[in-house]
Every structure is written in structure tokens, then in C-alpha cells.
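Below you'll find the structure, written out as C-alpha cells, and then a few comments.
The values are calculated or read from the model by the stated rules, or taken from the named source; none is laboratory data. Note that this is a predicted model, so its numbers are computed, not measured. Cβ placement follows ideal geometry from the backbone for every residue including glycine, while neighbour counts extend to all protein chains displayed.
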């Protein structure tokens, strides 16, 4: 009985506030362009990534989030992408479809700073017919709400040899429902800050990769994630972490060849409502043609192409290094 009451409460709250929220994934170290358009194309030349999160296992109407990111790096300075993000909790659904663009400014061969922008539409759907009401004639719930509205986003992203850091506002227009026929906008931007660092041993067979994500909304508690990844031989990673909602997390991700990656993350809430919100699960699947990575220098793109040869940008860097070495004294 208590669980039903709790779910009903969350459904009612979600019906009003859902479109004010943005998804927050535990595996934020992958599919970075999903929340930050400036990070589009940093993972691979061509990529498709899917991430699914389900919360409060076993509870009816529990939150679910699905995100898809497809990206294409036109060249070293330009990248484009398509993202789709769907959130659902109780009777409330939200679906956003966005086209993104990133422009990079290179500081040197190993560091760049990118600006990104996205444009798209967002559908907000609150189906009040699914509610059980004490007063069936309550005018506040007589008509469901289903509208498409314009939205846009903005982001910045720095990528270096041993770290990355990004800042973004995924939705500049937060459209919420205020009545049966109208909506209104409020200036409550959701600010995202994400960063990751790499510390390798002498032969890079082990890499410590701490990652942090902070979400800030005016007049609301700050939300954050700390993820401690341990990368073994550049292929397999084990992670543990903490979320500010009194939740611990653990997971893994595996690189399968240069073209596929899978990941899983588990959250356990030990806070006040752990009986109802105890466990959450998150699954990630990504394809890259190919994925950019090097075990000890993450900003350099030392990968092989489909013909098993070095890529053109790596050839250019090799020629520059060879020219420098010719003039170096012994």
C-alpha cells in the first residue's frame, strides 16, 4: 500500500515538473555529446551510441531514460551529430530530438577547445487519463497535455592529453505546462559540468580515470556524480562511484576490437526511501568507425583505418616529428 501511495505521489509531481528536468546518466564518460554538443565527434570518426537507464526497480511508473547519439566528424575542426533523448516517469513523457554542431580550435597537436550548439524540438506529453482521481471532475486533470516545442542547447569542451572538461546547457528553453491549452517558459537552465582525468603507470597497462559530473539548477539542490574507473590494458574498465542522492554505483565497460564498446552500471540507494528507490540499472552500447583511443595519450588519435594503415592526420603528425628530429643534436 505504501509503495502505491509513493508511486502515485511521484506521478503527480512528475506530471507538473517533468519537463523541467534533464536526464542524468551514470555512464557520463561515454556518449559525451548527448548532453554537450561541443563534445560531438570526440569518440570516433563515425559513431552510434545508445544508453538506457531504468530506476527504482520493481516500482510501477518508475523513471526510465533512453538516449541515442549519432555523430560524424567532418574533419579535425568540424563535427555534426543527431541526438534523441526520451524520459518517462509515471504519466509524464518527454522526447527531445536535436541536431548538433561542434567547432574546434586547436591549441597544439594534442589540445583543442570546442564550441557547440544544438537545435531541435521537444515533445511534452502528460497523459492525465491514466491517473486515479478522488474527484473525477477535477478541472486541473480533465484534459491531457501533448505539445511539440522548439529548443536549443549550447556547450564548450576542452580535450587534452591527460584530461577533458566540458560545460553545457542542453536546453535553453524549458517549456512546462500551466493549463489545458497553454504553456509558459521559465528561466531555470540546467547547467552540466563534466570532467575526466587520466593517470597511467609506466607502461600504461593500468590507467586510473576519475570522472566527475555536476548538475546545477537555480533554487534546487546540486546533483553530482563521482566515478572512479580503473582501465586495464586499454580494453577493460571497472568502475565504482557515488551519487549525491545517497547512492553508490559500480559497473564495467569493455572495448571489443576498435569498433564496439559495451558497458553496464548498477546504482544502489541507501537513503531514506531506499525501500522504494533502492536499485537502478544502466546499459550502454556503442559503435565507432573506429573509436579514437590510445592507452597512454588520450588526446592523440593513433588508430588504424579500414586498410590497417595509419590515418592521414597521424601521418601529418609523424612527418612533423621526423622533420624536428632531423635537426636535433645527438
Self-check item: Long-range neighbours under 7 Å by Cβ, at least six apart or interchain, first residue at negative phi and free of Cβ contacts under 8 Å to residues at least 60 places away in the same chain within region 251-266, second surrounded by 15 or more Cβ atoms within 10 Å (Cβ to Cβ) and in a loop (DSSP other than H, G, I, E, B)
Solution: 258/290; 258/303; 259/290
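Can you find, within region 171-202, the residue that is modelled with the lowest pLDDT among those that are part of a strand (DSSP E or B) and either farther than 27 Å from residue 226 by Cβ or out of contact with any strand residue (DSSP E or B) (no Cβ under 7 Å at 6 or more places or on another chain) (or both)?
184
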Quiz item: If you scan region 235-245, which residues turn out to be at pLDDT below 90 and either within 13 Å of residue 280 (Cα to Cα) or touching a helix residue (DSSP H, G or I) at 6+ places or on another chain (Cβ under 7 Å) (or both)?
Solution: 245
Quiz prompt | Restricting region 261-276 to residues that are under 13 Å from residue 56 (Cα atoms) and out of contact with any helix residue (DSSP H, G or I) (no Cβ under 9 Å at 6 or more places or on another chain), the residue that is surrounded by the fewest Cβ atoms within 10 Å (Cβ to Cβ) | solution = 270
Quiz prompt | Whichever residue in region 203-223 is surrounded by fewer than 15 Cβ atoms within 10 Å (Cβ to Cβ) and part of a loop (DSSP other than H, G, I, E, B) and, among such residues, is farthest from the chain's Cα centre (by Cα) | solution = 203
Quiz item: Can you spot a residue in region 273-285 that is over 22 Å from residue 159 (Cα atoms), at pLDDT 75 or above and not in a strand (DSSP E or B)?
Solution: yes
Self-check item: Lone unmet requirement of (1) farther than 24 Å from residue 57 by Cα; (2) modelled with pLDDT under 90 for residue 232
Solution: (2)
Quiz item: All but one of (1) closer than 16 Å to residue 167 by Cα; (2) free of Cβ contacts under 8 Å to residues at least 24 places away in the same chain hold for residue 70; which doesn't?
Solution: (1)
